[in-house]
Structures are given as structure tokens and as C-alpha cells.
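Asker: Once you've had a glance at the structure underneath, I'll fire off some questions.
The values are calculated or read from the model by the stated rules, or taken from the named source; none is laboratory data. Owing to the predicted nature of the structure, the values given are computational and were not obtained by experimental measurement. Note that each Cβ is placed from the backbone with ideal geometry, even for glycine, and that neighbours are counted across all protein chains shown. The protein model used for the area step is the full one, side chains on, heavy atoms only, and it has no ligands, DNA or RNA in it. Shrake-Rupley method; radii C 1.70, N 1.55, O 1.52, S 1.80 Å.
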Amino acid sequence: MLGNKGAAGSVGSTNIIIGGTLEFNRNDLPASPFVEAANLFGAGSLKVTTGAVVLTADSSFAGGVSIASGALLGLGNGGSTGSLLATSISNDGTLDFNRLGNQAIDTTISGKGLVEFLGGGDYTLNKANGYSGGTSIGALSGTRVNLANGTAAGTGTITILSGSTLAAQG
């Protein structure tokens, strides 16, 4: 576990292999999140139980991810990197996608949390998703979200901000 609901606790490594559980339990706020730049590998479990964590590497981590109520997991920090190959994300908090360029999202997202697309990128949701907390598109003008199927954006309210686009494929 990184942190004890405080601001301390980090790994300080460039590569983290997750066979068990890597848990972030810090009190960082969304306006100043804890930024983890390490490459994540393995097929264990990644948990964000408290606070805000942003992953900035393109990682090949292929396990399950869980985000607790009130917690935030960000993928990317406004640049061209920040992704996971996770098999599933259980989101009861907030899941942010914040990167430039094209990104195919082949992860199943469930839970009661919000999914946000912030970074001006072009995202494609390829799976049937069951999350119910809603979808927000476009903190930056030019953000585009493509839905590969009718349930790709879950079941909650979809908010499309000025200058952004939601597109249905097929």
C-alpha cells in the first residue's frame, strides 16, 4: 500500500511488476494528484482507495483495476502517454482519460462512477460497458469520443462540452 491516507508513500522506480495488489491510499486532491510515472507490468490488481492518482506511462498492466467512491484515477496528464491494458475497471469514483492523440479503450468499465474524457484526444470505447455514473466529454475543445456499440458509454447521463464531439460507429 502506498500512503496511509496521507501525502507520503511512493515507489521511486521506473518499472513496477504487479503480481499481487498495488494499492494507492493517499489523500492527494484532484487539483494536485499524486503522479506515478513508472511503467506498470503484470496481471495482479491495482486499487485506488483514497485520493487522486494519475498514471503517465503507457503501461502493459493487464490485471483488474478498482477505484473506490471518492477516489480518482487519471490516465495521462495532458500529454501523449498514459494508458493501461487492464482487463476490467470497477469504477465507483472518477476515471479520467487525459491525453492527446488516438486511444482505443478495450477495457470493460463497470461501477457507479463518472468517466471523463479531458485531454483533447480522440478516444474509442470498444467494449459494452455497464458503468452508471455518467460520461463527461471535453474539458479541452476538440475532444472526441467514438462509441463502437450502443452501451459503450454505460447507462448514465452523457455531457458533451462546447467544442467536443460524441460519435456513434457502425
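Asker: Could you check region 17-51 and list, in sequence order, the residues that are in a loop (DSSP other than H, G, I, E, B), small (Gly, Ala, Ser) and closer than 14 Å to residue 67 by Cβ? Spell out the reasoning first.
Answerer: Start the filter on region 17-51 by keeping residues that are in a loop (DSSP other than H, G, I, E, B), which leaves 19-20, 27-33, 37-38, 43-44, 51.
Subset that is small (Gly, Ala, Ser): 19-20, 31-32, 37-38, 43-44, 51.
Within region 17-51, 51 is the sole residue that qualifies.
Asker: For region 52-74, how many residues are part of a strand (DSSP E or B) and small (Gly, Ala, Ser)?
Answerer: Taking region 52-74 first, the residues part of a strand (DSSP E or B) are 52-55, 58, 64-67, 72-74.
Filter once more, keeping what is small (Gly, Ala, Ser): 52, 64, 66, 74.
Of the residues in that region, 4 qualify.
Asker: Hey, among 167, 139, which residue is assigned to a strand (DSSP E or B), in contact with a Leu (Cβ under 9 Å, 6 or more places away or on another chain) and surrounded by fewer than 17 Cβ atoms within 10 Å (Cβ to Cβ)?
Answerer: Criteria check complete, one pass: 167.
Asker: Do the conditions hold for residue 151, that is, is it polar (S, T, N, Q), part of a strand (DSSP E or B) and either farther than 19 Å from residue 66 by Cα or at pLDDT 95 or above (or both)?
Answerer: Values: polar (S, T, N, Q): yes; part of a strand (DSSP E or B): no; either farther than 19 Å from residue 66 by Cα or at pLDDT 95 or above (or both): yes.
No: the conditions fail for residue 151.
Asker: Turning to a different aspect of this structure: Being more than 20 Å from residue 63 (Cα to Cα) and either without any contact (Cβ under 8 Å) to a residue 24 or more places away in the chain or part of a strand (DSSP E or B) (or both) is the filter here; which residues of region 123-136 pass it?
Answerer: Across region 123-136, the qualifying residues are 123, 124, 135, 136.
Asker: Across region 59-113, what is the number of residues that are basic (Lys, Arg) and open to solvent by 30 Å² or more (accessible area, probe 1.4 Å)? First the steps, then the outcome.
Answerer: Within region 59-113, the first condition is being basic (Lys, Arg), and the residues that meet it are 99, 112.
With the extra rule that they be open to solvent by 30 Å² or more (accessible area, probe 1.4 Å), the set shrinks to 112.
Summing the residues that are basic (Lys, Arg) and open to solvent by 30 Å² or more (accessible area, probe 1.4 Å) in region 59-113 gives 1.
Asker: So, of the residues in region 114-132 that are buried (at least 21 other Cβ atoms within 10 Å of the Cβ) and among the small types (Gly, Ala, Ser), which turns out to be farthest from residue 169 (Cα to Cα)?
Answerer: 119
Asker: Kindly evaluate residue 89 against the criterion of being modelled with pLDDT under 95 and not aromatic (Phe, Trp, Tyr). Please lay out each step first, then the result.
Answerer: On the way: modelled with pLDDT under 95: no; not aromatic (Phe, Trp, Tyr): yes.
Judged against the criteria, residue 89 is not a match.
Asker: Report, by residue number, each residue of region 111-122 that is within 12 Å of the chain's Cα centre (by Cα) and either modelled with pLDDT of 95 or more or in a strand (DSSP E or B) (or both).
Answerer: If the condition is that a residue be within 12 Å of the chain's Cα centre (by Cα) and either modelled with pLDDT of 95 or more or in a strand (DSSP E or B) (or both), then 113, 114, 115, 116, 117 are the ones that fit.
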